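Bear in mind that the values in this text are calculations on the coordinates, not laboratory data. Owing to the predicted nature of the structure, the values given are computational and were not obtained by experimental measurement. FYI the Cβ positions are ideal-geometry reconstructions off the backbone, even for glycines, and counts take in every protein chain you see.
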Amino acid sequence: MHAPVGLGAGTSFPWILWAIWISRNYLIFEKRTFTMEETITKALQDAREWQQAQRKEETRPDPTRLFIAPPPISDELTCNTYAAWMADRQAAGLGWIFRTHEDTVISQDSQVVVSVASPLMAEALAMFYALQKASQEEGDLWSGVRHQASLSIL
């Protein structure tokens with residue numbers, strides 16, 4: 001029997017411990033034994049079953065309720081960020097760009113960061129470094145950031 005695959009990082013450990021505990025109980029109370037392979041396979045099957053039960057069905061947005069962005073304010077700045085996470089290296093490539101309401105690029109930069117644990121952390125770091133870069137700039141960019149109402153981070 002082959003063990004199921006496709007489990008996320010860190011999700012199998014508690015299931016393996018639980019399966020070991022259950023196998024122990026079978027041994028003590030029912031005098032039944034299971035091999036290591038049977039125990040691990042059962043743990044991974046249970047973990048996968050649980051993950052599938054947690055998935056929510058995708059719902060399509062009601063087209064009548066789509067958000068339409070208001071027209072940009074004349075002094076509004078937009079900051080777009082991007083992060084690409086490399087799980088095998090625990091590193092991320094980050095990028096950001098600041099633009100005016102007329103799509104004129106005010107500032108842009110990129111950076112590679114190591115010791116990044118997840119894609120979510122990479123996204124947060126992209127926003128952090130974008131705002132840090134803005135705080136180091138003089139003039140319009142930092143002025144726009146200080147007045148939070150005029151900064152949209154997408």
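Observations on the model:
- Distant-in-sequence amide contacts of H101, defined by a placed amide H-H separation under 5 Å and a gap of 5 or more residues or a different chain, comprise E76.
- Ranked E37, E123, E102, E57, criterion: other C-beta atoms within 10 Å, fewest first: E57, E102, E37, E123
- Lysines with Cα under 27 Å of K31, excluding same-chain neighbours fewer than 8 positions away: K42
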